[in-house]
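Student: I'd like to ask you about the structure that follows.
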Amino acid sequence: MATTALLVIDMLSPYAHEDVELLEASAERVVPPLAGLVRRAHGREDVELVYVNDNHGDFTASREEIEDRARKGRRPDLVEPLLPPHDCAFLPKVRHSAFFGTSLEYLLQHQGVEKVILTGQVTEQCILYTALDAYVRHYAIEIPRDCVADIHGDLADAAVRMMERNMRAEITGAGACLGG
C-alpha cells in the first residue's frame, strides 16, 4: 500500500485560456523538475501516482481525449514530458480542487495514503484549493515549490505562505521529495 500520493494537477493543458502567456513562462520552469519527480515516483510501491486534470467542461472526455487535446494545443512541449504512465490513476475534475467531484478521497483512503505531494498548476488556484481540501481531510501536505506553476507570482507566493502556515504544508523542492 502507498503511504504517499504524488498528485499531478492540470498539467495536461491545451494552454488556450486567459493569462496563458504568464502561465507558460512559469510552466516552462516547472516541467523539467516535475517530469523527474514523476519518473522517480512511478513504479514505487510506497507512492501512488495520480493525475487529476480539468476536463474543460467536456463531461464525455476520456483520458485519451484530454491527453490528445493537450498534445494538439498551443504548447505540446510542456505536455509531452508529463504524459501520465498508462498504469497510474487518472481522474478528470471540473473545478479547482482535485477533491471536488472526483473519487480522489476514496482512492487515497483505499490505498492507505497519509501524505499528498501537490504538483502542477496553478499554485494560487487549484494547488491552493486542493491543499485546503487535503488539510481538512487530515492529510500531510508537501509542496515542491519548483513543481508548481503560477500565473501571478505574488499571489502564488502568498498562497504558498498560506499553505505552509495555515495548512502545515512542508515546502520543499523536487530534489528533496521521495528521498531525492
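Student: If you filter segment 79-148 for GluC sites (Glu not before Pro), then keep DSSP loop positions with at most 16 other Cβ within 10 Å, what is left? List each step's numbers first, then the result.
Tutor: Working: sites: 105, 114, 124, 142; in loops: 114.
Hits after loop and neighbour filter: 114.
Student: Just to check I understand the Karplus step: with θ = phi - 60° and J = 6.51 cos²θ - 1.76 cosθ + 1.60, what whole-Hz values come out for segment 88-95, glycine and proline as x?
Tutor: 10, 5, 9, 10, x, 10, 10, 9
Student: Turning to a different aspect of this structure: If amide H atoms are built 1.01 Å from N in the plane of the peptide, which residues on other chains or at least 5 residues away come under 5 Å of the amide H of residue 93?
Tutor: For residue 93, the qualifying residues are 53, 54, 55.
Student: Ok, one more. Using +1 at the C-beta of Lys and Arg and -1 at the C-beta of Asp and Glu, which of 159, 136, 8 has the Cα lying farthest in the positive direction of the dipole of the chain?
Tutor: So the residue we want is 136.
Student: Additional query: Using the heavy atoms of the protein chains alone and a 1.4 angstrom probe, what is the accessible area of the chain per residue in square angstrom?
Tutor: Accessible area per residue, the chain: 47 Å².
Student: Quick one, could you list the DSSP H helices from the chain stretching 27 Å or more along their long axis (Cα atoms) with average Kyte-Doolittle hydropathy of 0.0 or above? Intermediate values should be presented prior to the final figure.
Tutor: Working: long enough: 20-41 (29 Å, 0.49).
Correct list, ordered by number: 20-41.
Student: Additional query: Could you check how much of the accessible area of the chain is carbon and sulfur, as a whole percent, using a 1.4 Å probe? Numbers along the way, then the final one.
Tutor: On the way: 4260 of 8420 Å².
For the chain, the apolar C and S fraction of the accessible surface comes to 51 percent.
Student: Scan segment 30-129 for chymotrypsin sites (Phe, Trp or Tyr not before Pro) in coil per DSSP, keeping those whose Cβ has at most 16 other Cβ atoms within 10 Å, and list them by number. Before the final figure, lay out each step's value.
Tutor: Numbers: sites: 51, 59, 90, 99, 100, 106, 129; in loops: 59, 99, 100.
Within segment 30-129, the qualifying chymotrypsin sites (Phe, Trp or Tyr not before Pro) (loop, at most 16 other Cβ atoms within 10 Å) are 59, 100.
Student: Convert each backbone phi in segment 53-58 into a coupling constant with the Karplus relation 6.51 cos²θ - 1.76 cosθ + 1.60 (shift: θ = phi - 60°), then list the ³J(HN,Hα) values in order as whole Hz, x for Gly and Pro.
Tutor: 9, 4, 8, 6, x, 9
The values are calculated or read from the model by the stated rules, or taken from the named source; none is laboratory data. A quick note: this is a predicted structure, and the numbers were derived from the prediction, not measured. Cβ coordinates were reconstructed from backbone atoms using ideal geometry, including for glycine residues, and neighbour counts include every protein chain displayed. Each accessible area value is taken on the protein alone, full model and side chains, heavy atoms only, with ligands, DNA and RNA left out. Shrake-Rupley method; radii C 1.70, N 1.55, O 1.52, S 1.80 Å.
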